[in-house]
Amino acid sequence: MKLLFRVLDQWMWIGSVLSMFLLVGVVLLQVFARVALPQVPAWTEEASRFFFMWAVGFAAGPAVREQAYVDVDSFTIHLPNKLQLVLAIVMDAVLVVFTGIMAYESTKLVIAVEGQTSAALIWPMWVFYASIWLQTFMLALYLARSVARMLHTGSIKNEEQGIKGGEAL
Amino acid sequence: MVFVLFAVFLGCIILRMPIAFSLGFSSFVYIAASDIPLSIIPERMFSGVDSFVILCVPGFILAGNLMNIGGITERIIKFCLALVGHIRGGLALANVGASMVFAGISGTAVSDAVSIGTIMIPAMVKRGYGKEFSGAVTASASTMGPIIPPSLPMVIAGTVTGLSVSRLLVAGIIPGLLLGFGIGAVAFFISAKRSYPRDEQMPIKEVVKSFFGAFWAILMTLIILGGIMGGIFTPTEASMVAVFYAIIIGFFVYKELKPSMLPKIFFESAVTTASLMVLVGFANVFAWILTSEEIPLMVTQAMLSLSRNPMVYILLVNVLLILVGMFMETIAALMILMPILLKPAIELGIDPIQFAIMCVLNLVIGLTTPPVGVCLFVASSIAKVSIGRLTWALLPFIGVSIAVLLLVSYVPQVTLWLPSLVFK
């Protein structure tokens, strides 16, 4: 299990960093082309949206590990610690089911757009929609990991260290 | 059925489910109970983030992170201190000034509160300023972040309403400056009343030297704004040019950024972006349900039946949004409420740009109020002071924010003069 998530962490890390680099690069190319070249390539806007969607797809799961999703603890903070922990486990378990169903629904969406292509890049549309599948699937996996961690450590706070810069490459 | 949507949403929030997932899960329950195909959820999530304009969100987050790690925060503070440190309450004024400059490179209040607060609050407390006052100045000054461009809430407001993001960004300049000067004035009066210390006046040579340290950060703001205002870049392009600029400055001018640091910064920016985009995606599903239930129409009719006077409508919206801002995250609130509230506003002849700035300003005030004021929490944890005492100390500053809000609400020129000048 640990090995699976270690590999997953590395893939998500590489995927999100690469997508962000490519996103910045493509938009800068668009600016450069407008300023210095006779014409702007027609595909840059679509490509930048593609890399953006995939950056989000790759980073959505690790964001659970980094506890980047904002919540409101003003109400639960008054509860006993044990009850807070049980509540956090139940909430995450509910979300595992919810995001799991969303991953399944995203798969249907990916299949539904088969045969369609994007306007400028002429890439199959399922390549774009697959980013939503990745996003929801990774959310389900990382939330399941969060439930397992809380059951194991008995603590809501995530003390685990994420992948350090450069470690995955 | 809409009752179920709101009940589940509120229940999830109370039980500490993250706001993004509370929006998604409540929408899921509604859609499942209404026999609508569940595939509508990933479809709406996709369409919510599939926009070129929203691409400036990762750009501005990345540029802010790069500049911050490149050592800009200390330089900005040093410059502001050299400039106003000799005035009574100079550290508090430097705190406000630094937040104002920092707001020009970051688009969120939280990053301002963390970056400036971690340096300024301990420094202020060490020099004899009250903990509550130090925290209150930091928290209130950080709210300039989402008003002075670049601003992530403005980008979201533009995306959901179809308004020009460039116009919104430019329209935020004057209210942002008014907010900064207002907070600075209150900080000065309180400092003078409590006889907080002042530093020796810096020699002009030192002031000039510190200016060159902060110059590159100020130039970044000018490039972003100049590019957008001059029609050279779209906001998305400006954000990526800012990323390129921050890398060059970090490598070759400040020399504190190393190539090995870049992947980590890119990853952290991707994580922040993803947490926001999941929120935007699920909020888009939630907003779709509200539209399909004709909630905007019902709200329009209800609001207009109360009064057809734009002044009254603005007052009602202000009261509503102040309350919403106290309990809801800014971006989620914008995604859900902006399309609903804008319709009657347009019908009453209120300018949509002015209205959007007013909404953002309203929700931003909520960042410094309990129970969910993120900047309040940040400042309270850095200053090690209770939320209750900090809230009390924040009251005069919240008063300034409300005064600026009233100006924005009832004097259209405050927001519309600059865009009308720039975008002829």
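The values are calculated or read from the model by the stated rules, or taken from the named source; none is laboratory data. None of these values were measured; they are calculated from a predicted model. Glycine gets a Cβ as well: all are built from the backbone with ideal geometry, and neighbour counts include every protein chain shown.
What about A:SER74, is it of a type outside the set (Lys, Arg), under 30 Å from B:PRO370 (Cα atoms) and within 8 Å of another protein chain (Cβ to nearest Cβ)? Reasoning before the result, please.
Working: of a type outside the set (Lys, Arg): yes; under 30 Å from B:PRO370 (Cα atoms): yes; within 8 Å of another protein chain (Cβ to nearest Cβ): yes.
Criteria met by A:SER74.
Counting only residues that are outside any helix (DSSP H, G or I) and of a type in the set (Lys, Arg), which one in region B:383-424 is modelled with the highest pLDDT? Don't jump to the end; show me each part of the working.
Step one: filter region B:383-424 for residues outside any helix (DSSP H, G or I), giving B:384-386, B:411-412, B:423-424.
Narrowing further to those that are of a type in the set (Lys, Arg): B:384, B:424.
Numbers: B:LYS384: 87, B:LYS424: 74.
That would be B:LYS384.
Return the only residue of A:ALA93, A:ALA88 being surrounded by 19 or more Cβ atoms within 10 Å (Cβ to Cβ) and either part of a helix (DSSP H, G or I) or more than 9 Å from chain B (Cβ to nearest Cβ) (or both). Write out each step before concluding.
Numbers: A:ALA93 fails: surrounded by 19 or more Cβ atoms within 10 Å (Cβ to Cβ).
Result of the check over A:ALA93, A:ALA88: A:ALA88.
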(request) May I ask you to list pairs of residues, at least six apart or on different chains, whose Cβ atoms are under 8 Å apart, with the first in region B:238-261 being without any contact (Cβ under 8 Å) to a residue 40 or more places away in the chain and within 21 Å of A:VAL26 (Cβ to Cβ) and the second being hydroxyl-bearing (Ser, Thr, Tyr) and assigned to a helix (DSSP H, G or I)? (result) none
(message) Under 6 Å between Cβ atoms, which residue pairs at least 6 apart in sequence (or on different chains) link something in region A:90-106 that is under 12 Å from B:GLY24 (Cβ atoms) with a partner that is of a type in the set (Gly, Ala, Ser) and crowded, with 19+ Cβ neighbours inside 10 Å?
(response) A:THR99/A:ALA140
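Looking for whichever is assigned to a helix (DSSP H, G or I) and more than 13 Å from chain B (Cβ to nearest Cβ) here; the options are A:LEU4, A:LEU28. Which one fits? Walk me through it before giving the result.
Values: A:LEU28 fails: more than 13 Å from chain B (Cβ to nearest Cβ).
Just one listed residue meets the conditions, A:LEU4.
Quick one: which helices (runs of 4 or more DSSP H) lie wholly within region B:5-77 and hold at least 2 residues that are more than 30 Å from B:ARG167 (Cα to Cα) and touching a Leu at 6+ places or on another chain (Cβ under 6 Å)?
Working: elements: B:19-33, B:40-49, B:56-69.
Correct list: B:19-33.
Looking only at residues in region A:10-58 that are charged (D, E, K, R) and within 14 Å of B:ASP50 (Cβ to Cβ), which one is nearest to the chain's Cα centre (by Cα)? Explain how you work it out, then say what you get.
Taking region A:10-58 as the starting set, the residues that turn out to be charged (D, E, K, R) are A:34, A:45-46, A:49.
Restricting the remaining residues to those that are within 14 Å of B:ASP50 (Cβ to Cβ) gives A:45-46, A:49.
Values: A:GLU45: 21, A:GLU46: 20, A:ARG49: 15 Å.
Step by step, filter region A:10-58, then rank; the result is A:ARG49.
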(request) Look at A:GLY154 and say whether it is crowded, with 16+ Cβ neighbours inside 10 Å, over 18 Å from B:ILE19 (Cβ atoms) and more than 11 Å from chain B (Cβ to nearest Cβ). (result) no
(request) Take region B:76-100 and flag every residue that is surrounded by fewer than 22 Cβ atoms within 10 Å (Cβ to Cβ) and under 20 Å from B:ILE249 (Cα atoms). (result) B:LYS78
(request) Any chance you could count how many residues in region A:107-130 are closer than 25 Å to B:PHE28 by Cβ, without any contact (Cβ under 8 Å) to a residue 12 or more places away in the chain and outside any helix (DSSP H, G or I)? (result) 0
(message) Tell me yes or no: at least one residue of region B:36-49 is away from chain A (no Cβ under 11 Å), surrounded by fewer than 24 Cβ atoms within 10 Å (Cβ to Cβ) and modelled with pLDDT of 90 or more.
(response) yes
(message) Here is a list: B:PHE267, B:PHE327. Which entry is within 14 Å of another protein chain (Cβ to nearest Cβ), over 19 Å from the mean Cα position of the chain (by Cα) and not basic (Lys, Arg)?
(response) B:PHE267
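Could you please let me know if B:PHE282 is assigned to a helix (DSSP H, G or I) and surrounded by fewer than 18 Cβ atoms within 10 Å (Cβ to Cβ)?
Numbers: assigned to a helix (DSSP H, G or I): yes; surrounded by fewer than 18 Cβ atoms within 10 Å (Cβ to Cβ): no.
No; evaluated as a whole, the condition is false for this residue.
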(request) Could you tell me which of the residues A:ALA47, A:ALA55, A:ALA103, A:ALA33 is crowded, with 17+ Cβ neighbours inside 10 Å, of a type in the set (A, V, I, L, M) and more than 10 Å from every other protein chain (Cβ to nearest Cβ)? (result) A:ALA47
